[in-house]
Amino acid sequence: MKPAAWIPLAVAALLALLGSVYVVNEGHTAIVLNLGRVARTDVAPGLHFKWPLVESARVFDRRLQVLDAEPERYLTSEKKDVSVDFFAIGLISDVRTFYRATGGDESIAVQRLAPIIKDSLRNEINARTLQQVVSGDRNEMVARQLGAINKGAATLGVKIVDIRIKRIDLPTGGEVIEQVYRRMRAQRQQVAAQLRAEGEESSQKIRSEADRQQQVILAEAERDAQKLRGEGDAEAARIYAQAYQRDPAFYAFHRSLEAYRRSFANGNAAIVLERDDPFLKFLRDDR
């Protein structure tokens, strides 16, 4: 046989070898289809062989995947709207079922999983009040429905490990948001009134303390003034006593003049006394 005749055979053998080998990476699995029929499933990571042209391999990622969804509006037990934004974390649990249910298309799996999750969350939210939904334990709310969600997800060969609620909003323009705003305004007004009352109370305390200190200062000043006046009167009395001791006649004369000035201060006083009364001693002309 000519050497050139081996070339097509070698190429065909190489293509047959390449078509019979496939690789499954770590964290992945595969199924082998024989003329479109599932022949082998849950193929482990590694190098594997299949019949060329007859069999084909489909590799799927079995690691955790995040399944995002659009926010959904729900009604609480009080018939109030809330918008819930969430995402699910899941993985392929049964490759055969997953392939048969979705044809191996992950987008189809997400589209079919979303209603299952939303319906389960709707049942939970419908049984709770708005306050319980917004401020309650979200993990507990999800955990109560996780079993029911996985029953539906099992028909797709998928297992939901966890569901996380990213945000719970009140629809804009709804009655609920208006009630929340009114409640917030009332709370702010209550806080403002309390602050004003506390400020007025502090103001009263400051004014009372200032008035008390004023009274104390005035009392102390009056006390010091009385003390100074008393000391001044005592000093004056002492000086008068010394003057009286030095010249009793002059002191008597001075005291008489003071008495005259006080008696006739208004200019209309009239005093009726005996002619020899000592009070008139310095008014008489004894020359």
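The values are calculated or read from the model by the stated rules, or taken from the named source; none is laboratory data. Source: prediction; values computed, not measured. Quick reminder, even Gly has a Cβ in these numbers, built from the backbone with ideal geometry, and neighbours come from all protein chains shown.
Would you check which residues across the range 53-74 are farther than 20 Å from G90 by Cα and either in contact with a His (Cβ under 6 Å, 6 or more places away or on another chain) or not charged (D, E, K, R) (or both) and list them?
Listed by number, the residues that qualify are L53, V54, S56, A57, Y74.
Between L75, L53, which is touching a strand residue (DSSP E or B) at 6+ places or on another chain (Cβ under 9 Å) and modelled with pLDDT under 85? Steps first, answer last, please.
Working: L53 fails: touching a strand residue (DSSP E or B) at 6+ places or on another chain (Cβ under 9 Å).
Of the residues listed, the single one that is touching a strand residue (DSSP E or B) at 6+ places or on another chain (Cβ under 9 Å) and modelled with pLDDT under 85 is L75.
Are there any strands (runs of 3 or more DSSP E) wholly within the range 41-86 with 3 or more residues that are out of contact with any Phe, Trp or Tyr (no Cβ under 7 Å at 6 or more places or on another chain), and if so which? Step through it out loud before you land on a result.
On the way: elements: 46-49, 55-61, 65-68, 72-75.
Counting at least 3 such residues, we get 46-49, 55-61, 72-75.
So G147 passes all but one of these: (1) within 29 Å of R62 (Cα to Cα); (2) under 32 Å from the mean Cα position of the chain (by Cα); (3) at pLDDT 85 or above. Which condition number does it fail?
(2)
What number of residues within the range 104-157 satisfy the criterion of being on the phi > 0 side of the Ramachandran plot and β-branched (V, I, T)?
Looking only at the range 104-157, we keep the residues that are on the phi > 0 side of the Ramachandran plot, and these are 104, 157.
Now restrict to residues that are β-branched (V, I, T): none.
The total comes to 0.
This table checks each residue for (1) under 13 Å from D68 (Cα atoms); (2) exposed (fewer than 15 other Cβ atoms within 10 Å of the Cβ); (3) outside the structural domain of A44 (by TED's automatic domain parsing); (4) not hydroxyl-bearing (S, T, Y).
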site: D81; (1), (2), (3), (4): no, no, yes, yes
site: A101; (1), (2), (3), (4): no, no, yes, yes
site: E106; (1), (2), (3), (4): yes, no, yes, yes
site: V110; (1), (2), (3), (4): yes, no, yes, yes
site: P115; (1), (2), (3), (4): yes, yes, yes, yes
site: E124; (1), (2), (3), (4): no, no, yes, yes
site: R128; (1), (2), (3), (4): no, no, yes, yes
site: V134; (1), (2), (3), (4): no, no, yes, yes
site: V142; (1), (2), (3), (4): no, no, yes, yes
